[in-house]
Amino acid sequence: MQITINAHVTLEDIYEWLAPFADKMSLYFALEVYFPKFRLHPLAHWNQFVQRAQKLKANELWIDLVPIPAMRGQIDLKYKNRERFSIDLPEYRKSGLREVNFGTVATKEKQLKVWRAIIRAVCKNTSRGMWIWNDIHNTKAFSNRHGYSPRVAAQHAQGLELLPFAGGNRLFIAEPDSASAST
């Protein structure tokens, strides 16, 4: 079953929302780095998350109920656990903050129970609904599929541009007019 949700959040948001899960149950975490070459870095403790993610410039966080094997920064090729939960981490670009994707394709009920609880925590801590602006067509549309945390809302109010997970559109919390969106 595929379960995904998108939201503009910070590493600190992710840390705070997942801390209760890390405290209550045995979860295993690993940071994935795509470039310059694929590397996987297991986290020994959840409290290392923000600092290690920043230092490594990690692209993704893997969460699992079973250990995530890694040897010398590479994933053990025998590990093909589709039951894990993945978070594409926030990416600050020159053009703005890219949206985070939280999701899984898990099918086992044991994992789904935990992953659904994490999705509920994300939904509880984010506001849903954003305006999508398309520069090419100079048009806008409202979508409930995009969310944002209070931290990101404050940064957006101070001028941070918000980008969708994929594509070239921009996102706004308040409805943009054509003059403000075009700048």
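Observations
- Residue in the stretch 73-81 that is outside any strand (DSSP E or B), open to solvent by 20 Å² or more (accessible area, probe 1.4 Å) and in contact (Cβ under 8 Å) with a residue 24 or more places away in the chain present: no
- Taking every residue in the stretch 101-112 that is free of Cβ contacts under 8 Å to residues at least 12 places away in the same chain and pairing it with any residue that is of a type in the set (Asp, Glu) and in a loop (DSSP other than H, G, I, E, B), at least 6 positions away or on another chain, yields no pair with a Cβ-Cβ distance below 7 Å.
- Residue in the stretch 114-122 that is open to solvent by 30 Å² or more (accessible area, probe 1.4 Å), at pLDDT 95 or above and out of contact with any helix residue (DSSP H, G or I) (no Cβ under 6 Å at 6 or more places or on another chain) present: yes
- Taken together, the criteria place Ala154 among residues that are over 19 Å from Asn101 (Cβ atoms), at pLDDT 95 or above and open to solvent by 30 Å² or more (accessible area, probe 1.4 Å).
- Top-ranked residue of the stretch 1-43 - restricted to ones that are assigned to a loop (DSSP other than H, G, I, E, B) and under 20 Å from Glu83 (Cα atoms), ranked as least open to solvent (accessible area, probe 1.4 Å): Leu27
The values are calculated or read from the model by the stated rules, or taken from the named source; none is laboratory data. The structure displayed is predicted, hence computed values, not measured ones. All Cβ positions, even for glycine, are placed from backbone atoms using ideal geometry, and neighbour counts span all protein chains on display. The protein model used for the area step is the full one, side chains on, heavy atoms only, and it has no ligands, DNA or RNA in it. Shrake-Rupley method; radii C 1.70, N 1.55, O 1.52, S 1.80 Å.
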